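One structure below.
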Amino acid sequence: PQPPEEKVAIVTGAASGIGLAIAERLARDGARTALFDLDGDAAETAAAKIRGGGGRAVAVPADVADRDAVARGLEEVRDRFGPVTILVNNAGKEGFRRFLDISPEKWNEMLAINLTGTFHCCQLVLPDMIAAGWGRIVNISSSSTHGGQPYMAHYVASKTGMVGLTKSLALEFGPDGVTVNTIPPGFIDTPMTRRNDARGRFGPGGIEEAISRTPVGRAGRPEDIAAACAFLVSDEAGYITGQIIGVNGGRNTS
Ligand code: NAD
């Protein structure tokens, strides 16, 4: 099958940071783009800005951990834009806690959003891609999956689960024309990292210290992730699947 002329994309967690930059970029590249986010108002503001710039975008308030909400949102997108052929699983929650203090509730909550949310979105959207004989999935994991990270065991476990899911889906759906890759971002300057710095979670020196350990000598920008993502979802990237494409300024550690 030929690549679809009109691409329809879903980006989750698209109201802020990395997801917002990805949604803006995919819309600029011509995709009809649905911005899924817990924060429906912020998603609507972002979608309106994209529309104001001539792009096609719609906001969908949805918690990715809620399968029914994802299914309802997907129906809305199909009605409005048609079948979905690009999915970027970016919605995520971070967490800092000593391992011995992670309650089963906190553990389950982390996995429900980062890993099971990705499962729901992939499973619900894949039938559109299979029918089209063309699809692109990009999962935003984390550079913490390379070497682990203390005080974030639940987060790192959830993100590492996304890496395994990526590799397995790539094998299972390659014959259907669907590629599945993961981008583990390094240190990216977003509202999430700013919040964590304000809480002192990066330790003394915070962001400056993280930059000093980054070979290219700067923090990543959401646009750095969006650029890699735009390539992975393009027609040209059809021979790249099951891969871990680090975007981290050369810092291949947590
Ligand atoms: P952010 O907090 O700026 O944005 C995250 C967005 O996701 C928010 O708009 C939030 O409302 C939304 N969201 C959260 N939970 C959701 C849910 N259950 N359903 C739908 N939407 C939800 O964060 P960011 O820094 O842009 O991070 C984006 C992704 O990149 C996350 O998965 C994060 O783990 C990952 N990541 C970020 C960095 C970094 O340095 N910023 C590094 C590695 C990985």
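The values are calculated or read from the model by the stated rules, or taken from the named source; none is laboratory data. Not measured: the values here are computed from a predicted model. All Cβ positions, even for glycine, are placed from backbone atoms using ideal geometry, and neighbour counts span all protein chains on display.
Of all residues in segment 212-254, those being buried (at least 17 other Cβ atoms within 10 Å of the Cβ) and of a type in the set (D, E, K, R) number 2.
So in segment 170-194, with the set limited to residues that are of a type in the set (D, E, K, R) and away from the ligand (no atom under 15 Å from the Cβ), which one is farthest from F96 (Cα to Cα)? Restricting to residues being of a type in the set (D, E, K, R) and away from the ligand (no atom under 15 Å from the Cβ), the top hit is D176. Selection of segment 235-251 for residues being touching a helix residue (DSSP H, G or I) at 6+ places or on another chain (Cβ under 6 Å) and farther than 16 Å from E223 by Cα yields A237, T241, G242.
Among residues of segment 1-50 being part of a loop (DSSP other than H, G, I, E, B) and within 14 Å of the ligand (Cβ to nearest atom), the one that is farthest from D63 (Cα to Cα) is S16. Residues that are away from the ligand (no atom under 11 Å from the Cβ), modelled with pLDDT of 95 or more, surrounded by fewer than 19 Cβ atoms within 10 Å (Cβ to Cβ) and among the acidic types (D, E) do not occur anywhere in segment 195-210. As a summary of the residue check, R25 satisfies the conditions (1) in contact (Cβ under 8 Å) with a residue 24 or more places away in the chain; (2) over 16 Å from the mean Cα position of the chain (by Cα); (3) more than 15 Å from I137 (Cα to Cα) except for the one numbered (2).
For every residue, the table says whether it meets (1) in contact (Cβ under 8 Å) with a residue 60 or more places away in the chain; (2) within 20 Å of E94 (Cα to Cα).
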site	(1), (2)
P185	yes, yes
G200	no, yes
R221	yes, yes
D235	yes, no
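The set of residues from segment 112-124 being among the hydrophobic types (A, V, I, L, M, F, W, C) and farther than 14 Å from N90 by Cα comprises just one member, L124. Here are G161, G242: which of them is away from the ligand (no atom under 11 Å from the Cβ), in contact with a Leu (Cβ under 8 Å, 6 or more places away or on another chain) and at positive phi? The unique qualifying residue is G242.
Assess whether V138 counts as being in contact with a Leu (Cβ under 9 Å, 6 or more places away or on another chain), away from the ligand (no atom under 13 Å from the Cβ) and in contact (Cβ under 8 Å) with a residue 60 or more places away in the chain. Taking the combined requirement at face value, the residue does not satisfy it.
When D63, D68, D79 are checked against the criterion of being within 25 Å of E223 (Cα to Cα) and not in a strand (DSSP E or B), D63 stands alone in meeting it.
The set of residues from segment 51-106 being polar (S, T, N, Q), within 11 Å of the ligand (Cβ to nearest atom) and under 22 Å from I130 (Cβ atoms) comprises just one member, N89. The residues listed here are L171, L115; of these, the one that is farther than 22 Å from V70 by Cβ and at pLDDT 95 or above is L171. The sole residue among L87, L111 that is touching a residue at least 40 places away in the same chain (Cβ under 8 Å) and either surrounded by fewer than 20 Cβ atoms within 10 Å (Cβ to Cβ) or part of a helix (DSSP H, G or I) (or both) is L111. Of the residues making up segment 34-58, those that are of a type in the set (A, V, I, L, M, F, W, C) and more than 20 Å from N139 (Cα to Cα) are A42, A46, A47, A48, I50, A57, V58. Of everything listed in (1) surrounded by fewer than 23 Cβ atoms within 10 Å (Cβ to Cβ); (2) touching a residue at least 12 places away in the same chain (Cβ under 8 Å); (3) closer than 27 Å to D224 by Cα, the single unmet condition for E76 is (3).
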